[in-house]
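Structure first, commentary second.
No value in this document is a laboratory result; all are computed from the given coordinates. Note that the coordinates shown come from a computational prediction; the quantities given were computed from them, not determined experimentally. Please note: Cβ atoms are built from the backbone with ideal geometry, for glycine as well, and neighbour counts cover all protein chains shown.
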Amino acid sequence: MKKLSRKERERIARRELIIDTAEEVISNYGFEGATMDAVAEKAELGKGTLYLHFKSKASIYLAICERGSKKLNQLMSKVLAEDLKGIDMIKKLGMVYLDFVKTYPIYFSAFNYYENLIGEEKLAGSELAAQCEEYAREAMAYIVRALQVGMQDGSIKDSYDPRELGLIIWGASKGVVHIAFLKEKKDHMKILDDVSFSLESLVKNFIELIGSGMRSDDHKS
């Protein structure tokens, strides 16, 4: 591996400092309330230095998305390395996702921000956006692989297309977490006030429900 020069190491450290600081500022004020000035001031950097690394607040949020995606995928990859039945891998992946979202809610928000920008001109040619897309594909591959393992070891019904089932799990889990986050906000549909639930209860019930549906009859016994 090529040894980095001091200048390169300083540049990387400064970029990481900016992302660290932006996470704190956005967590405190929200994406709309956070400003480049606030990030620069908190990081004790000049605005010129900040703009050398990130041209806009959107690019910083994409960097947060990239960082969060990488962290989540590292956690997911560890589950795939364990000696587990496929059905148990899926359950553990679900719990890893729950713990991740509870610990790093800003990353879940950054994931949604990136997905809402897909198709917009501001993402054209963005290396950060391309990396976020690659991490999303990697995460999906982990889910699909766990399903394939389950179909091979007999713990998951093999009548499903693992890629289609993986897409269902991925999309539904995001929706479940989104509902829980909505309830924490003041402005949401009143129907959410009619049910007593938490992020943890929603995700755990979802994992149990999806697990029961895909579990093979032999494994149930």
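In the frame of its principal axes, the chain has Cα extents of 64, 53, 30 Å, reported largest first.
Scan region 169-203 for trypsin sites (Lys or Arg not before Pro) in coil per DSSP, keeping those whose Cβ has at most 15 other Cβ atoms within 10 Å, and list them by number. Can you show the working numbers first?
Values: sites: Lys174, Lys183, Lys185, Lys186, Lys190; in loops: Lys185, Lys186.
Answer in residue order: Lys185, Lys186.
Report the percentage of all Cα-Cα pairs in region 57-166 whose separation exceeds 17 Å, rounded to a whole percent. Provide the component values of the computation, followed by the final result.
On the way: 3354 of 5995 pairs.
Percent of Cα pairs beyond 17 Å in region 57-166: 56.
Rounded to whole numbers, the Karplus 3J(HN,Hα) couplings from phi for region 10-26 are 5, 5, 5, 4, 5, 5, 5, 4, 5, 5, 4, 5, 4, 4, 5, 5, 5 Hz, using 6.51 cos²θ - 1.76 cosθ + 1.60 with θ = phi - 60°, and x at Gly and Pro. In order along region 198-207, the Karplus-derived 3J(HN,Hα) couplings, from 6.51 cos²θ - 1.76 cosθ + 1.60 at θ = phi - 60°, round to 10, 4, 5, 5, 5, 5, 5, 5, 5, 4 Hz, and Gly and Pro are given as x.
Which is the longest run of the chain containing none of the GluC sites (Glu not before Pro) found in DSSP loop states (not H, G, I, E, B) with at most 14 other C-beta atoms within 10 Å? The longest such stretch corresponds to 121-221. Among the listed pairs Lys102/Lys204; Lys92/Lys157; Lys91/Lys183, a Cα-Cα separation exceeding 20 Å is found for Lys91/Lys183.
The 3J(HN,Hα) values that the Karplus relation (6.51, -1.76, 1.60; θ = phi - 60°) gives for region 212-217 are, in residue order, 5, x, 9, 5, 5, 5 Hz. Gly and Pro appear as x. The residue among Leu17, Met36, Ser5 whose Cα reaches farthest toward the positive pole of the charge dipole of region 1-54, with charges on the beta-carbon of Lys, Arg, Asp and Glu, is Ser5. For Lys47, the lysines whose Cα comes closer than 27 Å to its Cα, not counting residues fewer than 8 places off in the same chain, are Lys7, Lys55, Lys57, Lys122.
Comparing Cα centroids, region 79-120 and region 1-23 end up 26 angstrom apart.
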